[in-house]
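First up is the structure itself, then whatever we jot down about it.
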Amino acid sequence: MRELDLIIDAFEQAHANEIECVLATVVHVEGSSYRKAGARMLVDEYGQMTGAISGGCLEGDALRKALHALHKSENKLVTYDTSDENDAVIGAQLGCNGVIQVLFEPIDIERELNPIAILKQIASSERKLVIASLFNLDKSKPQLGTQLVFDERGLKIGSLANEQLINKLKQDAALVFNQQHDHFGEYMIALEAQHAFLEFYNPPPTIVLVGAGNDAQILAQMGDQLGWNVVVTDGRPTHANAQRFVSSCQIVVSKPEHVLENIQLNERTVFVLISHNYQYDLAVLKLLLPLSEIPYIGLLGPRKKFNRMLDDLSTEGIIPTEEQLARVYAPIGLNLGAETPAEIGLSILAEIQMVLSGGSGIALRDKQGPIHDKANTNFKVTTL
């Protein structure tokens, strides 16, 4: 389950027991940090924490700051400087070497669009979105918090009194959609600054397991742990049923030619062909090859199995293009020396993550430069 879903579930449980909560969000990072901007953590009035804003070094003080914000019933921005080895609050020599801005927002359940209500709408969406969190580095100024959500057509959720600011945020959100990475803005309004974190939200991938054998069970469990949407399809109701798979899975009992009828496809939908039935896999592969939006088609089995499929397709007059073949991963998985079903599942999911994220699959030890590709976290200044 995704961290976002865990936070929402924790809030629902707390709300049912009349327990007040605070949402902590990393809204800006300068330098190195374990978690990037967009990391969130829910803190309830008894100190129970769900999610994380660091590797554990900030949570203790963040708990105290969250309870203080809850007591004051107002949003609060806190700066953590992990580059300061003499900072006794955080703990010296953390190795992060960054400055982290964390926004604390007490959840007012009487407010229709409180931060959790906004996150619930985001979590239920299958579309790309941009979340606007407004804050001010001048801590004497109001911290507006999680306020707006944009889709690719414009403003979707929320409102502000300053229409000029909304229009500029809308323009910057369009850039975020185009570049598919976060944006940090500083908007000068009557000589006063308003800062904004525009977070690019990509819905979780959907992994379609074509085949409901024992290896599919393991992949479904792993996919669920990653927070991915999992669909299991098979022609055998004895195998494709809710009793054999985690409750979050969508189960589709179908003949191969009808597999796609009940699945919503987009550029983050991937297919893993593991039915152990040659004709079933071949029939589904034939359906998938023309679909250019599908970035990954994995085929379990030796290379000669895929070569045989290509020969069979050729006899039907189907000659896959280079672009189509580039999306087929056969044999499936990264070379991890995997032998057991769980190890093979790990190698498959690692390969899918690599494809979706544009990673290289090499050991980080051998990567030149920093672990993470350096993102531009500078504030773009605009005068309104």
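Local charge for Thr25 was computed over the other residues whose Cβ lies under 11 Å away, with Lys and Arg +1 and Asp and Glu -1, and equals 0. The alpha carbon centroids of region 328-384 and region 177-250 are separated by 16 Å.
Each helix, a run of at least 4 DSSP H residues, gives -39500 (n - 2.57); summed and divided by the residues of the chain, these come to -9000 deg cm²/dmol at 222 nm.
Its Cα gyration tensor gives region 206-357 an equivalent ellipsoid. The semi-axes, each the square root of 5 times an eigenvalue, are 22, 18, 15 Å from largest down. Multiplying the residue separation of Glu30 and Lys380 by 0.36 nm and removing their Cα-Cα distance gives an extension gain of 124.6 nm. Shown is the FRET efficiency for Leu364 and Arg303, computed with R0 = 25 Å from the Cβ-Cβ distance and rounded to the nearest 0.05: 0.30.
Here the label points at Ile19 and Glu74, each 7 Å from Cα along the C-beta direction, are separated by 2.8 nm in the simple model.
Cross-link candidates for Lys72: which lysines have Cα within less than 23 Å, leaving aside residues fewer than 8 places away along the same chain? Excluding near neighbours in sequence, the set is Lys139, Lys141.
What the phi angles of region 208-214 give under the Karplus curve with 6.51, -1.76 and 1.60, with θ = phi - 60°, is a coupling list of 9, 9, 8, x, 10, x, 5 Hz, glycine and proline written as x.
For the residue pairs Lys36/Lys367; Lys36/Lys380; Lys65/Lys168, the alpha carbons lie more than 26 Å apart in Lys65/Lys168. Each residue, Arg153 and Leu287, gets one label point 7 Å from its Cα in the Cβ direction; the gap between the two is 2.9 nm.
Note: relative contact order over region 211-363, using C-alpha pairs below 8 Å and six or more positions apart, is 21 percent. When +1 charges are put on Lys and Arg Cβ atoms and -1 charges on Asp and Glu Cβ atoms, the dipole computed for the chain relative to its Cα centre reaches about 600 debye. Of the residues Asp281, Asp9, Asp366, the one with the fewest other Cβ atoms within 10 Å heads the list, and the complete ranking is Asp366, Asp9, Asp281.
In the distance distribution for the chain, Cα-Cα pairs more than 36 Å apart total 34 percent. Label reach from Met188 (point 7 Å along Cα→C-beta): in region 350-384, amide nitrogens under 17 Å belong to 379-384.
For region 227-234, 3J(HN,Hα) computed residue by residue from phi via the Karplus equation (6.51, -1.76, 1.60; θ = phi - 60°) reads x, 7, 6, 10, 10, 10, 10, 6 Hz, glycine and proline entered as x. Translational diffusion of region 269-308 was estimated from the Stokes-Einstein equation, with Rh taken as the Kirkwood radius over Cα pairs; at 25 °C and 0.890 mPa s the coefficient is 233 µm²/s. Ignoring lysines fewer than eight residues from Lys128 along the same chain, the ones with Cα atoms less than 16 angstrom from its Cα are Lys120, Lys156, Lys170. Using the beta-carbon distance between Asp5 and Gln180 and R0 = 22 Å, what value does 1/(1 + (r/R0)^6) give for FRET efficiency, to the nearest 0.05? In this case the efficiency is close to 0.50.
None of the figures in this text is laboratory data; all of them are computed from the coordinates on show. Since this is a predicted model, take the numbers as computed values, not measurements. Glycine gets a Cβ as well: all are built from the backbone with ideal geometry, and neighbour counts include every protein chain shown.
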